[in-house]
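J.: This is the structure I want to talk about, given as structure tokens.
Rule-based calculations on the coordinates, nothing more; no lab input. What you see is a predicted model; the values in this text were computed from it and never measured. Glycine also receives a Cβ, built like all others from the backbone with ideal geometry; neighbour counts cover every protein chain displayed.
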Amino acid sequence: MIRLIFFFLILTMLHLPAIATVFNDNFSTFYPQIDTLKCDSSSVRYADTLNRLIKDSDWKKSYIVIDQWKETCGDNEINSRAAILVALSNGVNQSKAIRDYFDNDFHFVFKYRMEYSESDLYEYLSWDYSTYFNYVPLRHQLDSTLMKIASGLKSRQNLTDNERLACQLFSGNERNFKHEVKKKKYAKTFVQMYYKDDSRYLAYQKLGIHLYSGLYSSFDEGQYLGNNLSLGLGLYTPLNTNWQGSFEMRFRILTNDNDFDFIAQNNPYTVNSKIGYNLSANVLYKYFENNHLIVLPKAGLGLESIQTGIDLYDAYNDETKSYDVTTLHANAGLMILTPVFLKNYVGVEISYHYCPYGWSKGLISKFNNHAFSIELNYRF
């Protein structure tokens with residue numbers, strides 16, 4: 001048995017070169033290698049030639065140049081866009097080609113090609129991102145020609161909705177495209193589906209602003225601070241990472257509180273505060289996520305302040321000084337978000353708060369250090 005296994009191993013090793021050759025041949029068949037040097041040196045020539053042929057409405061030769069371009073460089077954004085518009089100009093249905101264009105994320109390349117073309121540094125950007133922009137310089141005449149073709153095509157009656165939206169996109173006016181693609185009549189198009197997914201994806205990569213409103217309740221059972229309305233604003237890091245951060249400010253409108261005792265400059269005061277606030281820096285962890293929910297446990301530290309309205313002149317420092325209840329604010333809680341509209345989120349947050357009010361200089365009354373809050377929030 002051992003001899004048989006040994007013989008098999010020897011036989012396999014002797015045939016490895018042949019096996020590797022077959023694998024490489026098959027791999028090259030399914031995944032042809034692109035000669036980037038040849039593609040780089042020929043792409044501008046293809047673009048110049050195609051631009052001239054399209055202007056002359058020589059569609060037959062245009063097809064030939066596009067095929068040669070794709071054979072040399074593979075499918076890319078600009079030759080795929082040209083192929084779609086040339087075919088549409090000849091009345092050939094391009095629904096599949098447009099879907100492939102979006103599947104390959106070429107619409108992102110087109111988006112940045114248009115944006116960067118408007119920059120005063122477009123020549124530097126063309127050189128710096130030459131591979132990304134398919135070795136065709138920004139502001140090339142072919143772009144202008146294709147935009148003109150697309151603008152003329154989008155009003156044709158024989159286009160499908162997806163073709164019409166693609167022409168709207170290729171015409172180069174992003175604002176008009178966004179206005180058009182949102183319309184209800186395009187609700188069943190895959191172009192609108194991609195647009196919605198892309199809007200969500202881009203929002204996912206950006207900073208978010210949260211608005212809060214809810215109930216902040218002290219554990220003192222109404223003895224001093226009670227249950228009050230809270231309003232807040234927060235700046236959050238993008239949702240695309242597991243560990244996230246935020247900086248938040250919350251105000252509490254103290255309408256259900258009672259008087260408390262405070263001393264300032266050795267004088268006692270009975271205070272009924274109108275407002276309290278806290279500033280906090282928080283860390284969040286994305287514990288769970290699917291298409292409908294994001295669950296984020298969070299914890300933070302910051303400053304707690306209950307305003308007293310006591311402003312007294314400080315003769316030693318020759319200034320008027322405010323005397324408020326200030327202390328540490330610690331919180332831990334859970335935030336749950338769900339996506340709404342194209343790129344926003346709504347959710348709920350439940351938190352526990354700990355504020356050691358005994359640390360505050362001047363406070364005589366014994367505040368309860370514990371509180372909880374439940375708030376609705378909106379992220380945009």
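J.: Across 5 Å bins from 0, what is the distribution of all Cα-Cα pair distances for segment 208-379, in whole percents?
T.: With a bin width of 5 Å, the distribution comes to 2, 8, 16, 21, 16, 12, 10, 7, 5, 3, 1, 0, 0.
J.: Follow-up. Among (i) 1.02; (ii) 1.16; (iii) 1.54, which one is Cα Rg over 2.2 N^0.38 Å computed from these coordinates?
T.: It is the value labelled (iii).
J.: Taking the Cβ of Y277 as the centre, find all other residues whose Cβ is under 15 Å away and add up their charges (Lys, Arg: +1; Asp, Glu: -1).
T.: Numbers: positive: R250, R252, K274; negative: E248, D257, E304, D324, E375.
Residues close to Y277 contribute a combined charge of -2.
J.: Using a 10 angstrom Cβ neighbour count of at most 10 plus a DSSP loop assignment to flag exposed GluC sites (Glu not before Pro), which longest range of the chain is free of such sites?
T.: In the chain, the maximal stretch lacking such sites is 222-380.
J.: If we count every other residue with Cβ under 12 angstrom of N93's Cβ, Lys/Arg +1 and Asp/Glu -1, where does the sum land?
T.: Numbers: positive: K96, R99; negative: E163.
Computed value for this residue: +1.
J.: Mind listing which chymotrypsin sites (Phe, Trp or Tyr not before Pro) in segment 290-361 are in a DSSP loop and have 14 or fewer other Cβ atoms within 10 Å?
T.: Those satisfying the criteria are Y316, F341.
J.: Eight or more residues apart or on different chains, and alpha-carbon atoms under 23 Å: count the Lys pairs in segment 208-379 matching that.
T.: 7
J.: Next question. For K60, give me every one of the lysines with a C-alpha distance below 25 angstrom, ignoring sequence neighbours fewer than eight places off in its own chain.
T.: The reachable lysines, counting only those whose Cα sits under 25 Å from K60, are K38, K70, K96, K148, K154.
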